[in-house]
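These notes concern the structure reproduced below.
The values are calculated or read from the model by the stated rules, or taken from the named source; none is laboratory data. The model shown is predicted, which means the values in this text are computed figures rather than measured ones. Reconstructed Cβ throughout: ideal geometry from the backbone, glycine too, with neighbour counts over all protein chains shown. To get the accessible areas, we keep the full protein, side chains included, count just its heavy atoms, and leave off ligands, DNA and RNA. Shrake-Rupley method; radii C 1.70, N 1.55, O 1.52, S 1.80 Å.
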Amino acid sequence: MDRIFSGIQPSGNLHLGNYLGAMKNWVDLQHDYECIFCMVDMHAITVWQDPAELRATTRELAAGMIAAGIDPKKNILFNQSQVSAHAELAWVFNCVARMGWLNRMTQFKEKAGKNRENVSVGLFAYPCLMAADILIYKATHVPVGEDQKQHLELTRDVAQKFNNDFGKEVFPLPEPLIFGAGTRVMSLRDGEKKMSKSDPSDYARINMTDDADAIALKIRKAKTDPNPLPDAVAGLEGRPEASNLLGIYGALTGKSLEAAVAECAGMAFSDFKGRLADAAVAKLAPINAEMARLRQDPAYIDGILKDGAQKAAALAKPVLDEVYEAVGFLRP
Ligand code: AMP
Ligand code: TRP
């Protein structure tokens, strides 16, 4: 049985990049797989988080996922810290993984920068926790962005070394599910920069909380070039803003880039932007409204996360038992 695990860090300011790059893919996957979706609050605290804000963004992310269409009855949706088996398995993996493996992680090098002596130990060990997230459920497939591929390879290395060291095939080697190219959403102000929650200009991104007017205004103000839209994908070469806006249009309307280009061939940006704004509002307005409704009902969200955590813990328990048995922990 194929089982998906994916994690996302709770952080504020969900935007169109998060939606098209992560959440929407998850929504699509739930039809074909047994899915476990986890808000990884324990990963979040590898860098400083304001406690009240962490709680709020965890709820906000859960609301966003439910509003985007993740069915909490069909899937398991919870926050990581509620299931202690993640931390317990991560400790065992800290003792399986080698310093040299973690030293090679590019995300750690980027995040630590010149500050290596002063970042948390958790930031360094982060990939072991991620491996534990996945393997505690013996997940077979992990949807991740390009930037997480290296961590998934480490997860496979940890699984393999564990199986070898203890002479038992406890863990499967999980496969990445990398989503297609159209999922990298770029800034509305600069087609060569990723749309990001940390961009100082709010006009660079469409937030999941933006209303129809704000969405239309941001698209109207989006950077373009002076030429009409091309009639073939090849004509997007060297036109990052046109590529980005057409990519967004395709992703929002469920069309391939080829189909989006064909549909909008020769259009002036001013006309195309109207069409794009309509598509964005049609997709995001219902999500936005549902998020607003859920925000009024934190007890409902908390109930879903608690229920999800109970189901997750029940799946994790026998795997942790198997691991502790293999390792030789005495459990009278
Ligand atoms: P972040 O908030 O940057 O940690 O990202 C959370 C999730 O959204 C990750 O799975 C990212 O890959 C995805 N994501 C964030 N920004 C973008 C973007 N501009 N385009 C596509 N996916 C994105
Ligand atoms: N490290 C991932 C990120 O920053 C989040 C994450 C944590 C994750 N555990 C995971 C993703 C397990 C996939 C599977 O985006």
Item to check | Search result, residues across the stretch 156-181 that are β-branched (Val, Ile, Thr) and within 16 Å of ligand 1 (Cβ to nearest atom) | outcome: Ile178
Checklist entry - Across the stretch 217-230, which residue is surrounded by the fewest Cβ atoms within 10 Å (Cβ to Cβ) among those that are touching a helix residue (DSSP H, G or I) at 6+ places or on another chain (Cβ under 8 Å) and assigned to a helix (DSSP H, G or I)? => result Arg220
Checklist entry - For the stretch 111-131, how many residues meet the condition of being of a type in the set (Ser, Thr, Tyr) and away from ligand 1 (no atom under 16 Å from the Cβ)? => result 1
Next on the checklist: Conditions first: (1) away from ligand 1 (no atom under 13 Å from the Cβ); (2) open to solvent by 10 Å² or more (accessible area, probe 1.4 Å); (3) in a helix (DSSP H, G or I). Ile134 passes all but one, so which condition is the exception?
Outcome noted: (2)
Checklist entry - In the stretch 231-241, what residues are surrounded by 17 or more Cβ atoms within 10 Å (Cβ to Cβ) and in contact with a helix residue (DSSP H, G or I) (Cβ under 6 Å, 6 or more places away or on another chain)? => result Leu236
Next on the checklist: If Ala214 satisfies all but one of (1) assigned to a helix (DSSP H, G or I); (2) without any contact (Cβ under 8 Å) to a residue 60 or more places away in the chain; (3) over 16 Å from Leu14 (Cα atoms); (4) not polar (S, T, N, Q), what's the number of the condition it fails?
Outcome noted: (3)
Checklist entry - Can you name every residue in the stretch 105-118 that is without any contact (Cβ under 8 Å) to a residue 40 or more places away in the chain and surrounded by fewer than 17 Cβ atoms within 10 Å (Cβ to Cβ)? => result Lys109, Glu110, Ala112, Gly113, Lys114, Asn115, Arg116, Glu117, Asn118
Checklist outcome for this item: Of those in the stretch 196-209 that are at pLDDT 95 or above and buried (at least 19 other Cβ atoms within 10 Å of the Cβ), the residue farthest from the chain's Cα centre (by Cα) is Ala204
